[in-house]
Amino acid sequence: MLSLEHTIFSAREAGFDLCGAAPCHPQEQARRRFEEWLREGCDADLQYLRRNIDKRFDPALLVEEARSVIVCAVNYKNDTSLGYPAGCSAPRIASYARTADYHRSIREMLRDLFALLEKRCPGLRGRAFVDSAPLAEKCWAREAGLGWQGRNSLLVTPQFGSFVLLGELVVNAPFDRYSEPCAEQGCGSCRACLRACPKGAIGERRTIDARRCISCLTVEAGDGPRETCGWLFGCDLCQSVCPYNRAAPLHTNPRFDPLFDPRELSDEWWNALSEEEFDRRFADTPMARGGLPRLRRNLGSGR
């Protein structure tokens, strides 16, 4: 049996800012909402979202003898998360993409956390998830007490707003006690994120229409030019206006220190960039996923 108190302490030791745990069970209500979202076509051309729906909402189908879901979060807020200075004409890049690829960083942190837990619970088995397999991570984050799903569909935590990245361990052991699920919907009457989205991608039911979302349009593959409103990769607009985010502290984990400053990189710099230089400067960041040809497509999509 795992101790919740020890797990939270160990998660901090591994570099996470928040941690909680919830018992495994099928997420039926969340699955119904997700399937309705798919029927409305809001997934655009992200066909992978239509695969393995059963597994997405039942961790027992992902991990044999699954008993518990451990959800961890780390703050990544940096000095461009809340926007760019007036007069800055450089193409904008989502602040999470300025760091080393979070998939690798968080997976290493989860590995360290699992090793700490295994010392206290011999025979522990499990699997780590960082966007690597279908898992309804925001649902589990709410059940693990980390926060609620904001109007922009992202997880909002009281301490760090939505500038957090998530990772999960699904394990075969129960806990001595589980975290209290987050019952509040802390957004209240605030609609700042809806007003901030220039494409109207945020729905009334805390959902995102990927056909309109700048982040999806700039990061995911697709043919032809797209209106990106000055964003080269990703988008922070709906997060930068959130009161919780404006009050949140900057990150403290050095794994999430920025590796470059997009404010220094003009349109001309990006157009002159070679493939070799792109690989040298951005291979370790989420920008590598886009590739230089796609970034140039975004660059030519207008402001």
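Only the coordinates and a few stated rules stand behind these numbers; no lab work does. Worth saying up front: this structure is predicted, and the values here are computed from it rather than measured. For neighbour counting, all protein chains shown are included, and Cβ atoms are generated from backbone atoms with ideal geometry for every residue, glycine included.
Some values worked out for this structure:
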quantity	calculated
Given charges at beta-carbon only (K, R positive; D, E negative), |dipole| of the range 113-208 in Debye	260 debye
Qualifying GluC sites (Glu not before Pro) in the range 88-192, DSSP loop, other Cβ atoms within 10 Å at most 16	E184
Cα centroid separation - the range 189-260 against the range 119-161, whole Å	20 Å
The chain, relative contact order [Cα under 8 Å, separation at least 6], %	26 percent
Gaussian network model of the chain, Cα within-10 Å springs - most flexible of P26, P243, P122	P122
Computed [θ] at 222 nm, deg cm²/dmol, the chain (DSSP H ≥ 4; -39,500 (n - 2.57); rounded to nearest 500)	-9000 deg cm²/dmol
Cα-based Rg / Dmax (Å) for the range 96-159	14.0, 41
Positive minus negative residues near R255 (Lys, Arg vs Asp, Glu; Cβ under 15 Å)	-1
Label selected from (i) 32, 59, 9; (ii) 30, 40, 22, 7, 0; (iii) 31, 57, 12, 0, the criterion being P(r) over Cα pairs in 20 Å bins from 0, in percent as computed here	(i)
The chain: most fluctuating residue of P254, P59, P158 per GNM, C-alpha cutoff 10 Å	P254
Normalised contact order of the range 31-183, rounded percent, pairs of Cα under 8 Å and 6 or more residues apart	35 percent
Exceeding the 27 Å Cα-Cα cut-off - candidates K77/K119; K77/K199; K77/K138	K77/K119
Debye log10 I(q)/I(0) at q = 0.18 Å⁻¹ for the range 120-234, Cα point scatterers	-1.05
